[in-house]
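The values are calculated or read from the model by the stated rules, or taken from the named source; none is laboratory data. Please read all numbers here as calculations on a predicted model, not as lab measurements. Methodologically, a virtual Cβ is constructed for each residue, glycine included, from the backbone with ideal geometry; neighbour enumeration extends over all protein chains shown.
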């Protein structure tokens, strides 16, 4: 392992390149430790830890490799540092929790806070100190409670005004929030049967489809909205998410 390459590593250039160099450096450190060359291993290990922390701080998330954390945990355990080994293991859980929290954010964006709450809860269970997941969980809980309070009132209003487009859109939005996606889609399609170009109804239908994983259909609706309203942030973001899950683009770091 070329120590100079690790010393000069600019973690901001690329996560993939950073992971590759860190992986090679960790393998070199493991070899030195296995050969009992601890005096040589220590400065290399200190530099690896420094670069891992730099990477986490720059990208504001864990390094994109469980192997990096698992290997560091194994190294610290070999060196008799059980606390250090456990700390690196916790980072693996945090990495997994961040992936789960991301799915919670997607569902929150779609308006399905019941499903978002499930993701946030799983993330918190994996990494109890993960503040983003804690905050998301609290917001989702409040949103779901509000939807439960409002749905009966809206359903009664719809019974009296079955063709009211605005009420149908609101009801569909609340049903999606309660993870009743199919029912939400039915209400939104009823609204669109009355007013086919209704921006909010088309957007909400796209979000419901996105929540269900129907990315192609969702993308088509977001593009329809953007054709009429190019500045729609929800449609732009929805299309970005649809493209991401379809493998057509990456999201910003």
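Things worth noting here:
- Every residue from the range 200-224 that is within 20 Å of residue 158 (Cα to Cα) and either more than 23 Å from the chain's Cα centre (by Cα) or outside the structural domain of residue 237 (by TED's automatic domain parsing) (or both): 200, 201, 202
- Complete set of residues in the range 63-121 that are over 30 Å from residue 201 (Cα atoms) and not in a helix (DSSP H, G or I): 63, 64, 65, 79, 80, 81
- Residue satisfying condition, being surrounded by fewer than 20 Cβ atoms within 10 Å (Cβ to Cβ) and in contact with a helix residue (DSSP H, G or I) (Cβ under 7 Å, 6 or more places away or on another chain), within set 154, 117, 171, 72: 154
- Of all residues in the range 1-11, those that are over 20 Å from residue 33 (Cα atoms) and surrounded by 12 or more Cβ atoms within 10 Å (Cβ to Cβ) total 2.
- Residue in the range 87-102 that is crowded, with 20+ Cβ neighbours inside 10 Å, under 15 Å from the mean Cα position of the chain (by Cα) and under 25 Å from residue 173 (Cβ atoms) present: yes
- Residue match in the range 75-86 (condition: closer than 25 Å to residue 121 by Cα and in contact (Cβ under 8 Å) with a residue 12 or more places away in the chain): yes
- Residues within the range 212-229 that are surrounded by fewer than 24 Cβ atoms within 10 Å (Cβ to Cβ), under 19 Å from residue 108 (Cβ atoms) and in contact (Cβ under 8 Å) with a residue 12 or more places away in the chain, tallied: 3
- Per this entry, residue 132 is not counted among residues that are touching a residue at least 60 places away in the same chain (Cβ under 8 Å), within 30 Å of residue 219 (Cα to Cα) and in a helix (DSSP H, G or I).
- Inspection of the range 162-180 identifies at least one residue that is at pLDDT below 95 and either in the same structural domain as residue 234 (by TED's automatic domain parsing) or within 30 Å of residue 91 (Cα to Cα) (or both).
- Check on residue 196, surrounded by fewer than 16 Cβ atoms within 10 Å (Cβ to Cβ), modelled with pLDDT of 95 or more and either over 21 Å from residue 104 (Cα atoms) or not assigned by TED's automatic domain parsing to the domain that holds residue 14 (or both): yes
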